[in-house]
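K.L.:
Got a structure for you, questions after.
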Amino acid sequence: MAGTLYVCATPIGNLEDITFRVINCLKSVDIIAAEDTRNSIKLLNHFDIHTPMTAYHEFNKYDKAKALVNDMLNGKNVAIITDAGTPCISDPGEELVHQAAEAGITITSLPGPAAAITALTISALPTRRFAFEAFLPTEKADKKERARILEELRTETRTMILYEAPHKLKATLKDLSKTLGDDRRISLCRELTKKHEEAIRITIGEAVAKYETEDPRGEYVLVIEGRDPSDIAAESEANWNEMPLEEHMEHYLKQGLSEKDAMKAVAKDRGVSKRDIYTQLKT
Ligand code: SAM
């Protein structure tokens, strides 16, 4: 019988944030696939876990996942852990889960900490709807893609969550200020679950100013206020109003709308009544 893949969440700082279930699972599986075995050995020693570990990371993930899937097909149970938090969230876990699923292996997740959710809960920003954006591509790796995503975020109305390394924080805050403006609220959540945990609740402009005079320290999650939907409506209304009325009508007629329905749609876009559109067209 094939083995199972256990996706095990581990602490993001505070060692007490591990579940009984994860400890028992790590003790009982045949192999632990760890992102950094030198890092994970501290966790395993702390909880008296002696299961053999194998390195599974960004640079060997395709081949190593293949080998681990073979082990599972041969009946071995495998647990995956990463450097911190929930595997597959901005770390190499995804490939192993993908290959295991393709091979028809049973996969189960043992939930626990994830920095994104931990930060969101103390951000004091709306939590009902949010968009997890992970790490932005760096300027060096993909300048165009970074600009494209930032532009997409400009109109995002949900609360946004970004991961960022301390040495890249200043550049990211400057880019956020350029695209989203200085007034949006942002919670800079650092050192979560650790001794110096902090949620700095300020505006983007204030965050840029703060880090002009100090260096970011520790790991950060940025939680950013989404755009006010009424702002977007006002912006698109302004854009439509710049278009000549006939062209605006044509835009809908070309899509097959009747003249009456096109007038209705145009009136809605421009934030005026249908009668206004009718009068303007007939004069
Ligand atoms: N899999 C992890 C999770 O579940 O959150 C994320 C791994 S990702 C490679 C690492 C990033 O997560 C860091 O650069 C930082 O943005 C965020 N992070 C992890 N631990 C953190 C902590 N204790 N405080 C703040 N941010 C943290």
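The values are calculated or read from the model by the stated rules, or taken from the named source; none is laboratory data. If you're wondering where the values come from, they're calculated on a predicted model, not measured in any experiment. Counting neighbours? That spans all protein chains shown, and the Cβs are built from the backbone with ideal geometry, glycine included.
K.L.:
Would a scan of the stretch 85-94 turn up a residue that is away from the ligand (no atom under 11 Å from the Cβ) and either more than 27 Å from residue 161 (Cα to Cα) or in contact (Cβ under 8 Å) with a residue 40 or more places away in the chain (or both)?
P.N.:
No, the stretch 85-94 has no match at all.
Residue by residue, here is whether (1) among the β-branched types (Val, Ile, Thr); (2) under 30 Å from residue 67 (Cα atoms); (3) away from the ligand (no atom under 16 Å from the Cβ); (4) at pLDDT 95 or above holds:
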residue: 82; (1), (2), (3), (4): yes, yes, no, yes
residue: 103; (1), (2), (3), (4): no, yes, yes, yes
residue: 116; (1), (2), (3), (4): no, no, no, yes
residue: 119; (1), (2), (3), (4): no, no, no, yes
residue: 123; (1), (2), (3), (4): no, no, no, yes
residue: 131; (1), (2), (3), (4): no, no, no, yes
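K.L.:
Exactly one of these conditions fails for residue 79: (1) hydrophobic (A, V, I, L, M, F, W, C); (2) part of a loop (DSSP other than H, G, I, E, B); (3) within 11 Å of residue 4 (Cα to Cα). Give me its number.
P.N.:
Evaluating residue 79 over (1) hydrophobic (A, V, I, L, M, F, W, C); (2) part of a loop (DSSP other than H, G, I, E, B); (3) within 11 Å of residue 4 (Cα to Cα) leaves (2) as the failure.
K.L.:
Picking from 9, 84, 34, 55, which residue would you name as being over 23 Å from the mean Cα position of the chain (by Cα) and small (Gly, Ala, Ser)?
P.N.:
One residue alone meets the criteria, 55.
K.L.:
Something else: Out of 42, 76, 27, 64, which single residue is more than 14 Å from the ligand (Cβ to nearest atom), in contact (Cβ under 8 Å) with a residue 12 or more places away in the chain and either loosely packed, with under 15 Cβ neighbours inside 10 Å or under 28 Å from residue 135 (Cα atoms) (or both)?
P.N.:
Only one candidate qualifies: 64.
K.L.:
Continuing with the same structure: What single numbered condition from (1) surrounded by 15 or more Cβ atoms within 10 Å (Cβ to Cβ); (2) more than 18 Å from the chain's Cα centre (by Cα); (3) more than 11 Å from the ligand (Cβ to nearest atom); (4) not basic (Lys, Arg) fails to hold for residue 193?
P.N.:
Here residue 193 meets the rest and fails (3).
K.L.:
Related question: Among helices (runs of 4 or more DSSP H) lying entirely in the stretch 198-283, which contain 2 or more residues that are of a type in the set (D, E, K, R) and within 30 Å of residue 131 (Cα to Cα)?
P.N.:
204-213, 229-242, 259-270
Rundown of residues vs (1) closer than 23 Å to residue 229 by Cα; (2) more than 15 Å from the ligand (Cβ to nearest atom); (3) surrounded by fewer than 16 Cβ atoms within 10 Å (Cβ to Cβ); (4) not hydrophobic (A, V, I, L, M, F, W, C), yes/no style:
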site	(1), (2), (3), (4)
156	yes, yes, no, yes
159	yes, yes, no, yes
167	no, no, yes, yes
174	no, yes, yes, yes
178	yes, yes, yes, yes
181	yes, yes, yes, yes
202	yes, yes, yes, no
